[in-house]
Amino acid sequence: MTEEYRQDSHGPQDPQDLWNAVDDYVNERLVPADEGLTGALAASDAAGLPAIAVAPNQGKFLHLLAASLGARRVLEIGTLGGYSTIWLARALPAGGRLISLEYSERHAEVARASLARAGLDAIAEVRTGPALETLPKLAAEPGAGPFDLFFIDADKVNNARYVEWALRLSRPGSLIVVDNVVRGGKITEPSEDPAVRGTREMFDAIAREPRLDATTVQTVGTKGYDGFLLARVLD
Ligand code: SAH
Ligand code: DHB
Ligand code: MG
């Protein structure tokens, strides 16, 4: 199933081949697949959704982060077929709750079915609509927050707004993770690419934000060369 994710090799001795082999090595030993996870990827693929979910070892990383934090409430922005949602929801204790925001009704339907098959439909809820519309609705609900952990992985052009909303829905000590912030290294230069622009805007906003303490570690693997941003909400 990891093959679903693979970036193709671009020629002899391509570093991508080595990155794929290392992800396989790690996943074989530390990240066992199961029916809930492989079923979600298969359903996503069968429905024609793009194969852009986090890689298995990245999903496990998110899961460990949520478990380490003792997270009880998680907010995800960008559900796709629910693969990262399953990893995160499985870290929650009894009574825990995950809300995932997804633009596409079709993606949400696929994700809901996979969450139900994984036995997580009582814990994880998918809400549809543009996140910039569903976030204010969520914030207006009594007892909606605060969330302990945020995973931002939707339209990258709005990354700065999503971090702003996460901060609003957080408590001191909450963690914010943003996917795909390195983008093959494109992030270091101004660009017309809306994803690069939005992500650079986010870095500048976080740098100016005294309530957030943040870093980024670059990653390579089956999803190519990219990285996560990790931000902590200060007391
Ligand atoms: N987190 C998923 C992958 C998400 S892919 C995983 O790792 O398994 C990005 C998702 O964001 C897509 O499903 C896309 O439809 C959704 N998206 C794009 N624009 C959005 C918006 N404005 N609001 C909410 N979701 C959006
Ligand atoms: C894309 C989006 C993602 O969230 C990701 O992890 C990889 C690729 C994309 O839109 O191409
Ligand atoms: Mg992503």
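The values are calculated or read from the model by the stated rules, or taken from the named source; none is laboratory data. Keep in mind that this is a model prediction, so the values were computed, not measured. Heads up, the Cβs are rebuilt from the backbone with ideal geometry, glycines too, and the neighbour counts pull from every protein chain shown. Heads up: the accessible areas ignore ligands, DNA and RNA and are worked out on the full protein's heavy atoms, side chains in. Shrake-Rupley method; radii C 1.70, N 1.55, O 1.52, S 1.80 Å.
Taking a point 7 Å from the Cα of ASP204 along the Cα-to-Cβ direction, the residues of segment 133-162 with backbone N closer than 14 Å to it are 159-161. Anyone know which of GLN218, GLN13, GLN58 comes out most mobile in the 10 Å Cα GNM of the chain? Top of the fluctuation ranking is GLN13.
How much of the DSSP bridge set in segment 12-233 is antiparallel, in percent, rounded to the nearest 5? Spell out each step's value before the answer.
Working: 14 of 32 bridges.
If we restrict to bridges inside segment 12-233, about 45 percent are antiparallel.
In this structure, the amide hydrogen of ILE77, modeled 1.01 Å from its nitrogen in the peptide plane, lies closer than 5 angstrom to those of LEU101, PHE151, ILE152, ASP153, counting only residues at least 5 positions away or on a different chain. Computed over the chain with a Gaussian network model linking Cα atoms closer than 10 Å, the most mobile of ASP213, ASP14, ASP45 is ASP14.
In the chain, what is the count of Lys pairs whose alpha carbons are under 19 Å apart, counting only pairs at least 8 residues apart or on separate chains? Can you show the working numbers first?
Details: LYS60/LYS223; LYS156/LYS186; LYS156/LYS223; LYS186/LYS223.
Here the count comes out as 4.
Report summary: the helix-based calculation at 222 nm, which adds -39500 (n - 2.57) for every DSSP H run with n ≥ 4 and divides by the residues of the chain, gives -13000 deg cm²/dmol. Here the label points at ASP235 and ASP193, each 7 Å from Cα along the C-beta direction, are separated by 4.0 nm in the simple model. The P(r) of segment 12-233 has a tail past 25 Å containing 37 percent of all C-alpha pairs.
Between LYS137 and VAL217, 0.36 nm times their residue separation minus their Cα-Cα distance comes to what?
Values: separation 80, 0.36 × 80 = 28.80 nm, distance 3.27 nm.
Length gained, LYS137 through VAL217: 25.5 nm.
Sorting the Cα pairs of segment 66-139 by distance into bins of 5 Å, from 0 upward, gives 4, 19, 30, 23, 17, 7, 0 percent per bin. With the convex hull of the Cα atoms taken as the outline of segment 1-101, the averaged projected area works out to 7.2 nm².
Can you send over the carbon and sulfur percentage of the accessible area for segment 12-233, probe radius 1.4 Å, protein chains only? Walk me through the intermediate numbers first.
Numbers: 5650 of 10080 Å².
Roughly 56 percent, rounded to a whole number.
Compute the accessible area per residue over the chain, keeping the other protein chains in place, probe 1.4 Å, unit Å². Walk me through the intermediate numbers first.
Working: 11090 Å² over 235 residues.
Here the per-residue accessible area is 47 Å².
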